[in-house]
Amino acid sequence: MNFNEAHVIATVAEIFRGDHTGVLVGIGDDAAVVKTSPLSVITTDMAVEGTHFNLEWSSAFDIGRKVTAANLADIYAMGATPQYLVVALTLTGSETMEWICDLAHGIAHEAKSCGVVVVGGDLTRGVIKVISITAIGEVEKPITRGGAQLGDSIYVTSLPGWSAAGLAVIQKDTLDDLEAYAVEEFCAPNVDYSAASVIADSGATAMCDVSDSLITQAEQMAFASGLSFKFFKEAFTVSPEFFALEELANKEATDVWQWIFAGGEDHVFLATGVDLPGLCVGEVVSGSGVTGLEMKKAPDIWRHFN
């Protein structure tokens, strides 16, 4: 171990340093002091080595980006604007300062892309690496999963499935351009945060980040809204990305709908409303549950506990 706690904190504090008018007391005290709006949105996401990230596949920079994106996407999914992050990190002691700095730079890169600042955190030692980030945002009127209304249409901000495709091909020795793109989306997804803001401002009645798969989170939204979500499978093929994803699925002898409907970690936004931007893929009808997301076999959905 070529570092100590004080060294790590001082180094990452410098990486996270930034100007934000809402930060009154930042890193270096017992707690941060920040300005918040009357309505704050708070979320936490944790990533555990071997479960959520693999050091053989992902660089520290990509891991930092990915974990940060998961938190920011949840804030945007509420129709909110993220402001602050708090980062708790468990290290084994075998890391190099270069790896730690790369992780911090990945977190800072993703945060700064949304005008967000890291205001504090915690550092501890453990048997495996764990990264936990808490995000705080502001909102005037939150958009929940349970606001869908009868007669709404269903929209996605982009085509899900690329992260699942990346996981499927990541262990190949050589990758073509399409496979490399999929792997990039798995290791460090490029989240269209602006699309979430636009769809929220356009009158979305319900919204969700589909990080746990489209089918899972559509069922959650339908249940929360007390209505049925009716999807039109052919509507997904209108996406300009569909045929590229289908080409890759065929190459892997995989049902492309397994990736689109049951894959996760894309951070595509699912929303309901009328005349919203994005890809219209269904409608909200009376009843319960979800229809139209059928695959050739039962969905293979990843879960923490089976």
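The values are calculated or read from the model by the stated rules, or taken from the named source; none is laboratory data. In this text the structure is predicted, and so the values were computed from the model without any measurement. All Cβ positions, glycine included, derive from the backbone under ideal geometry; neighbour counts span all protein chains shown. Ligands, DNA and RNA are stripped out before the accessible areas are found, and what is left, the full protein with its side chains, is counted by its heavy atoms. Shrake-Rupley method; radii C 1.70, N 1.55, O 1.52, S 1.80 Å.
Size descriptors for segment 211-277: radius of gyration and Dmax over Cα atoms are 13.2, 40 Å. Here the chain has an Rg and Dmax of 19.9, 61 Å, counting Cα atoms alone.
Any number yet on Rg/Rh for segment 58-176, C-alpha, Kirkwood? It would help to have the intermediate numbers written out before the result.
Values: Rg = 17.4 Å, Rh = 16.6 Å.
My calculation of the ratio gives 1.05.
Per residue, the average separation of C-alpha pairs within less than 8 Å and at least 6 apart gives the chain a relative contact order of 22 percent. Only helices enter this figure: runs of n ≥ 4 DSSP H residues, each worth -39500 (n - 2.57), summed and divided by the residues of the chain, yield -10500 deg cm²/dmol at 222 nm to the nearest 500. The value of relative contact order for segment 1-134, using C-alpha pairs under 8 Å at least six residues apart, is 37 percent. Taking the centroid of alpha carbons for each part, segment 179-247 and segment 40-104 are 21 Å apart. The protection proxy used here, the mean number of other Cβ atoms lying within 10 Å of each residue, ranks peptides 200-206, 124-130 as follows, highest first: 200-206, 124-130.
In segment 10-100, carbon and sulfur make up what percent of the accessible area (probe 1.4 Å)? Summing carbon and sulfur atoms, their accessible area is 53 percent of the total for segment 10-100. Helix 242-251 and the longest principal axis of the C-alpha atoms of the chain enclose an angle of approximately 80°.
Coordinate range of the alpha-carbon atoms in segment 166-306 per principal axis, descending: 48, 33, 31 Å. Against the chain, whose longest principal axis is taken from its Cα atoms, helix 177-187 shows a tilt of about 60°.
Rounded, prolate or oblate for segment 99-229? Axes are the square roots of the Cα gyration tensor eigenvalues, ordered a ≥ b ≥ c, and the cut-off for rounded is a/c under 1.5. In terms of gyration-tensor shape, oblate. Per residue, the chain exposes 47 Å² of accessible surface when a 1.4 Å probe is rolled over the protein heavy atoms with every protein chain present. From the Cα gyration tensor of segment 5-71, with a ≥ b ≥ c the square roots of its eigenvalues, which class applies: rounded if a/c is under 1.5, or else prolate if a/b is larger than b/c, or else oblate? Here segment 5-71 falls in the oblate category. Bridging of Lys66 to lysines at a Cα separation below 18 Å is possible for Lys112, Lys129, once same-chain residues fewer than 8 apart are set aside. Candidate cross-link partners of Lys35 among the aspartates and glutamates, defined by an alpha-carbon separation under 17 Å and a same-chain spacing of 8 or more, comprise Asp19, Glu138, Glu140.
Mean sequence separation of contacting Cα pairs (under 8 Å, at least six apart), scaled by the length of segment 167-306, corresponds to a relative contact order of 38 percent.
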